[in-house]
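Peer 1: Dropping the structure in here first, questions after.
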Amino acid sequence: MATTLQVVLQSSIDKVGESGELVKVRPGFARNYLIPRGLAVPATTAAVNRITHEKAIAVVKAEKTKKEAHAFAEKINALKLTLARTVGEDNKLFGSVTSKEIENAAKAAGVTIDRKKMHLAEPLKALGLFEIPVRLMTDVTATLKVEVVKK
């Protein structure tokens with residue numbers, strides 16, 4: 001009887017491997033747990049070739065997405081939003097400028113930015129020029145310039 005059996009994982013499993021990996025597991029674990037639940041398939045030549053093909057397609061898609069994100073980041077870096085707010089004594093804002101308002105201003109300028117991707121520590125409560133990082137992907141970050149001026 002074989003001491004290990006090769007299977008191709010269909011989904012990520014803790015302490016075993018990631019989705020699409022070719023791993024060696026005990027035959028009972030594969031036969032009784034992984035294969036019946038659809039978490040893995042036996043490592044046949046066809047299954048290995050399919051996984052290799054899917055990985056190649058995923059790499060091409062990831063490169064295309066990253067290229068689009070870099071282009072969008074350049075567009076965001078070139079954008080400068082100006083928001084006019086009423087102020088009181090000592091140039092203090094009445095209220096604050098939130099990420100929702102920045103999102104709406106960017107949309108009006110023709111750029112759709114998800115406010116959840118903006119890393120605004122707290123709402124803007126002063127006049128001036130602020131640089132807000134916008135994280136588009138794990139390694140693609142743009143800087144949005146927002147100027148808050150007196151109305």
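The values are calculated or read from the model by the stated rules, or taken from the named source; none is laboratory data. Because the structure is a prediction, the values reported are computed rather than measured. With ideal geometry, Cβ positions are generated from the backbone for all residues, glycine too; neighbour counts draw on all protein chains shown.
Peer 1: Kindly indicate whether Thr3 is modelled with pLDDT under 95, of a type in the set (Ser, Thr, Tyr) and in a loop (DSSP other than H, G, I, E, B).
Peer 2: Considered against the rule, which asks whether it is modelled with pLDDT under 95, of a type in the set (Ser, Thr, Tyr) and in a loop (DSSP other than H, G, I, E, B), Thr3 comes out as yes.
Peer 1: Related question: Is there a residue in the stretch 69-86 that is more than 18 Å from Lys145 (Cβ to Cβ) and among the basic types (Lys, Arg)?
Peer 2: Checking the stretch 69-86: not a single residue is more than 18 Å from Lys145 (Cβ to Cβ) and among the basic types (Lys, Arg).
Peer 1: Scan the stretch 120-137 for residues that are among the charged types (D, E, K, R) and either touching a Cys at 6+ places or on another chain (Cβ under 9 Å) or farther than 24 Å from Ala71 by Cβ (or both) and jot them down.
Peer 2: Of everything in the stretch 120-137, those that are among the charged types (D, E, K, R) and either touching a Cys at 6+ places or on another chain (Cβ under 9 Å) or farther than 24 Å from Ala71 by Cβ (or both) turn out to be Glu122, Lys125.
Peer 1: Okay, moving on. Report whether or not Glu54 is more than 15 Å from Ile132 (Cβ to Cβ), of a type in the set (Asp, Glu) and touching a Gly at 6+ places or on another chain (Cβ under 7 Å).
Peer 2: yes
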